[in-house]
Amino acid sequence: MSGIFQRISLIFRAKTDKALDKMEDPRQTLDYSYQRQLELLQKVRRGVADVATSRKRVELQANGLNTQADKLTAQAQKALEVGREDLAREALTRRSGLQQQLTDLQAQHAQLQGEEEKLTRASQRLQAKVDAFRTRKETIKATYSAAEAQTRINEAFSGISEEMGDVGMAIQRAEDKTAQMQARAGAIDELLASGALDDPTGTAKDDITLELEALASTSDVESELASMKAALGAGPAAAAPALESQPAPGQPAATAPGQYQAPPAQTNYEAPPGQGGYQAPPVQPTQGDLR
């Protein structure tokens, strides 16, 4: 039973790790690591500031003890001058106690100063590492972004990207539907032409009907062509009697009975002697039929 749970746990961890690896963005991970390093550097700097503050406080205490020791020394000297040896001894005893405290403060000051120097060097090294990591981080991010863009471009060119794959599938479906509709339209046209299907509009005709209509149209054309040829052949024969009925030049045309015939017009007129200009003959009115 425990083996089953172990396998389930292993499978769950493997799938979780794969999902997290797929969701992980190296650029975000680098930014987060850089942020953590900055926070650590800030803590180190605060530690250096705290140690320096403690060292300064010890220095102030040491300065105060030195001031008190000097004051007790002066008081002891003054007590001896006035003959108060007991007061001088008490002042020197107190100064000795302050001297012991001052020695302890000096040891603490030296320790704090060492810690401060150590933290300062650590802060400087950490600062250098953070700066180097920031430079390396930006380089890796730029390289990753360029590689990602190049990969997307190559996938787009090759058609294996998700977006281009969807577009390719849509184009393929459209082409398949178009081919299917073309095949269906062609099949329906063949069925209508063969007479297997009836056209409710009556516009579709089978092959026999089309052939009969073509023959009728050809016969009509031939008949019309023969009529035109006959009309062209009878044309010269009909024109000869018309030419014979026309009068000869200089002879009056024949008139029907009871129809007035105008005299022939004179083409040349000579003026009488002695007159210099040309005078046209008087124009006689022309009348139609005189009944």
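Name the residues in segment 25-83 that are open to solvent by less than 60 Å² (accessible area, probe 1.4 Å), within 15 Å of HIS109 (Cα to Cα) and either within 53 Å of the chain's Cα centre (by Cα) or polar (S, T, N, Q) (or both), would you? Those that are open to solvent by less than 60 Å² (accessible area, probe 1.4 Å), within 15 Å of HIS109 (Cα to Cα) and either within 53 Å of the chain's Cα centre (by Cα) or polar (S, T, N, Q) (or both): SER54, ASN66.
Here is a yes/no grid of residues against (1) more than 19 Å from GLN124 (Cα to Cα); (2) of a type in the set (Val, Ile, Thr); (3) outside any loop (DSSP other than H, G, I, E, B); (4) out of contact with any His (no Cβ under 8 Å at 6 or more places or on another chain):
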| site | (1), (2), (3), (4) |
| --- | --- |
| SER33 | no, no, yes, yes |
| ALA49 | no, no, yes, yes |
| VAL58 | yes, yes, yes, no |
| LEU65 | yes, no, yes, yes |
| LYS71 | yes, no, yes, yes |
| ALA74 | yes, no, yes, yes |
| THR93 | yes, yes, yes, yes |
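ALA88 - would you say it is small (Gly, Ala, Ser) and surrounded by 14 or more Cβ atoms within 10 Å (Cβ to Cβ)? Yes. Among the residues making up segment 50-95, those that are under 30 Å from GLU116 (Cα atoms), out of contact with any Leu (no Cβ under 9 Å at 6 or more places or on another chain) and not charged (D, E, K, R) are THR53, LEU60, ASN63, GLY64, THR67. Screening ALA170, ALA132, ALA193, ALA156 for residues that are of a type in the set (A, V, I, L, M), out of contact with any Lys or Arg (no Cβ under 7 Å at 6 or more places or on another chain) and modelled with pLDDT of 85 or more leaves exactly one candidate, ALA132.
In this structure, is GLU115 at pLDDT below 90, under 21 Å from ASP25 (Cα atoms) and assigned to a helix (DSSP H, G or I)? No: the conditions fail for GLU115.
The values are calculated or read from the model by the stated rules, or taken from the named source; none is laboratory data. Computed from a predicted model, the values in this text were never measured in an experiment. Don't worry about glycine lacking a Cβ; one is built from the backbone with ideal geometry, like all the others, and counts go over all protein chains shown. Accessible surface areas use protein heavy atoms only, side chains included; no ligands, DNA or RNA. Shrake-Rupley method; radii C 1.70, N 1.55, O 1.52, S 1.80 Å.
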